[in-house]
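Heads up: the structure comes next, in structure tokens.
The values are calculated or read from the model by the stated rules, or taken from the named source; none is laboratory data. Source: prediction; values computed, not measured. Please note: Cβ atoms are built from the backbone with ideal geometry, for glycine as well, and neighbour counts cover all protein chains shown. For accessibility, only protein heavy atoms count, side chains too; no ligands or nucleic acids. Shrake-Rupley method; radii C 1.70, N 1.55, O 1.52, S 1.80 Å.
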Amino acid sequence: MASASLKSSPVLDKLEWVKGQSLRQPSVSAVRCHHTAAPSTLTIRASSYSDELVKTAKTVASPGRGILAMDESNATCGKRLDSIGLENTEANRQAYRTLLVTAPELGKYISGAILFEETLYQSTVDGEKIVDVLVKQGIVPGIKVDKGLVPLPGSNNESWCQGLDGLASRAAAYYQQGARFAKWRTVVSIPNGPSALAVKEAAWGLARYAAVSQDNGLVPIVEPEILLDGEHGIDRTFEVAQKVWAEVFFYLAENNVLFEGILLKPSMVTPGAENKDKASPEKVAEYTLSLLKRRIPPAVPGIMFLSGGQSEVEATLNLNAMNQAPNPWHVSFSYARALQNTCLKTWGGRPENVKAAQNALILRAKANSLAQLGKYTGEGESAEAKEGMFVKGYTY
């Protein structure tokens, strides 16, 4: 019997995966020997979603487009609403999310939208399912699946991300509801070490989440965020990120994650937010691309950067600088505040401001689309768009 190998996976170098068939001549480490005259066989199930995962990842990582991260928890969304004087009610959250997903021509610049669980099952104020609205715009619906950060015992006041319990059943339900990718965010703090324990916990958690997500049809967005907090320089950020990314991809391989079916959502390599020496977009691009080339396999289709408290313009300028020459991956964005800040303030909770707020969202989305193509100039940006959004010790 001829064996069919899943050639797209960079981690299947010792075993051949045969969907629904038996594997001949298994390695000694893979199975125990049986005292029988007939040769032993091992049946291994290849993920039935492999082709779909690759297709979804490539769709999200399409030229001139990126991700709108609108997966704020209800509590975090409440902070956003409070900043414009609105009460944190489901109706107000629904009104704001409706404003975002119904912005005309959003799909020209946005390829995917990360949703909170409430939003995945929610309808617009006009009664249309939000998932359906996104699909009509050509936007792939995604879902935040982690359960947030909690203190990591035995560490230096660091955190770990919870949510693996029950993830398989939740991921299956999210797929049925229309989600096609997932997001799991964990963080590493430079001022707190980071400890080897925190780095290993972050990497292992991301890898297990990624494997479970792929097994249930969801492209995992792998998000190891290096927090901006601190006074450290850009070289220290590079050093820490290099260690974190190496650990993450080691454990992704250990868990047989299909690299062609994931997206990476890292922080850009910048100085700490409290460092007085700011780095130019060119320097951020130089350091970040150098790190990507050292640590990220070209099989990964998309690098979707988080903004992490940068100003709207700063995040766009840095992304643009990274796209001045061809890259092995689609280098793009997965921004929350760096897409929504001006939009939210323009809306202010007033129905008569919806169109103006949507225009503000499209303006930012288009700017980042141009940056993904390396064509953003930064001309005509408002002073508000240049204001930094870093908050020390910020929690989601």
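Return the Rg/Rh ratio of segment 184-313 with Cα-based radii and a Kirkwood Rh.
A ratio of 0.96.
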Label point distance in nm, Ala173-Ser280, each placed 7 Å from Cα along Cα→Cβ
5.2
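Out of segment 275-305, which trypsin sites (Lys or Arg not before Pro) are coil in DSSP terms and have no more than 15 other C-beta atoms within 10 Å? Working shown, then result.
Numbers: sites: Lys276, Lys278, Lys283, Lys293, Arg294, Arg295; in loops: Lys276, Lys278.
Loop-located and lightly packed - Lys276, Lys278.
Which value, in Å², gives the accessible area per residue of segment 204-317 when a 1.4 Å probe is used on the protein heavy atoms? The partial results should precede the final answer.
Details: 3720 Å² over 114 residues.
Per-residue accessible area for segment 204-317 comes out at 33 Å².
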Eigenvalues of the alpha-carbon gyration tensor of segment 310-385, times 5 and square-rooted, give semi-axes in Å, largest first, of 25, 11, 10
Order of 331-340, 129-138 by packing, highest average Cβ count within 10 Å first?
331-340, 129-138
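Counting only other residues whose beta carbon sits under 10 Å from that of Gln122, what net charge do I get with K and R as +1, D and E as -1? Present the calculation step by step, with values, prior to reporting the outcome.
Values: positive: Arg93, Arg97, Lys129; negative: Glu90, Glu117, Glu118.
Net charge around Gln122: 0.
Using Stokes-Einstein with the Kirkwood hydrodynamic radius over Cα pairs, what translational diffusion coefficient do you get for segment 128-207 at 37 °C and a viscosity of 0.692 mPa s, in µm²/s rounded to a whole number? The partial results should precede the final answer.
On the way: Rh = 14.3 Å.
D = 229 µm²/s.
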Alpha-carbon Debye profile of segment 231-307, log10 I(q)/I(0) at 0.20 Å⁻¹
-0.88
Leaving out same-chain residues fewer than 8 places away, which aspartates and glutamates sit with a Cα under 19 Å from that of Lys200?
Asp146, Glu158, Asp165, Glu223, Glu225, Glu239, Glu247, Glu254
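Can you tell me the order of 196-204, 303-311 when each peptide is scored by its average per-residue count of other Cβ atoms within 10 angstrom, highest first? Walk me through the numbers before you get to the answer.
On the way: 196-204: 19.9, 303-311: 24.2.
Highest mean packing first, the order is 303-311, 196-204.
Output the pairs from Lys183/Lys293; Lys345/Lys375; Lys108/Lys355; Lys79/Lys136; Lys283/Lys366; Lys58/Lys265 with a Cα-Cα distance over 21 Å in this structure; if there are none, say none. Before the final figure, lay out each step's value.
Numbers: Lys183/Lys293 23 Å; Lys345/Lys375 27 Å; Lys108/Lys355 17 Å; Lys79/Lys136 30 Å; Lys283/Lys366 24 Å; Lys58/Lys265 15 Å.
The pairs that break the limit, which is 21 Å between Cα atoms, are Lys183/Lys293; Lys345/Lys375; Lys79/Lys136; Lys283/Lys366.
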